[in-house]
1. Do we have any residue at all in segment 28-42 that's open to solvent by less than 70 Å² (accessible area, probe 1.4 Å), β-branched (V, I, T) and modelled with pLDDT of 60 or more?
2. Considering every residue within segment 8-27, establish whether at least one is outside any strand (DSSP E or B), among the β-branched types (V, I, T), loosely packed, with under 10 Cβ neighbours inside 10 Å and modelled with pLDDT of 85 or more.
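The values are calculated or read from the model by the stated rules, or taken from the named source; none is laboratory data. Being a predicted model, the structure only gives us computed values, none of them experimental. Reconstructed Cβ throughout: ideal geometry from the backbone, glycine too, with neighbour counts over all protein chains shown. To get the accessible areas, we keep the full protein, side chains included, count just its heavy atoms, and leave off ligands, DNA and RNA. Shrake-Rupley method; radii C 1.70, N 1.55, O 1.52, S 1.80 Å.
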Amino acid sequence: MKYLAIAAILAATPLAPAFAEEVNGLRTADEFSGIENETERSQALFEEMMKVIS
């Protein structure tokens, strides 16, 4: 019975934020780690940073 209650709680817990591609309109850090080229990654990070600054 106890395990059933735990399973029900876990099933009802939304997991979407942990796997979100964007948070408040910004890309997550995991998305940038997939960019292998250092120059391209730097440019992508800078463009994302400019969203916050502006």
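1. Checked segment 28-42: at least one residue is open to solvent by less than 70 Å² (accessible area, probe 1.4 Å), β-branched (V, I, T) and modelled with pLDDT of 60 or more.
2. Applying the first criterion (outside any strand (DSSP E or B)) to segment 8-27 yields 8-21, 24-25.
Still in the running and among the β-branched types (V, I, T): 9, 13.
Then drop every residue that is not loosely packed, with under 10 Cβ neighbours inside 10 Å, which leaves 9, 13.
Subsequent filtering for residues that are modelled with pLDDT of 85 or more retains none.
No, because not a single residue in segment 8-27 is outside any strand (DSSP E or B), among the β-branched types (V, I, T), loosely packed, with under 10 Cβ neighbours inside 10 Å and modelled with pLDDT of 85 or more.
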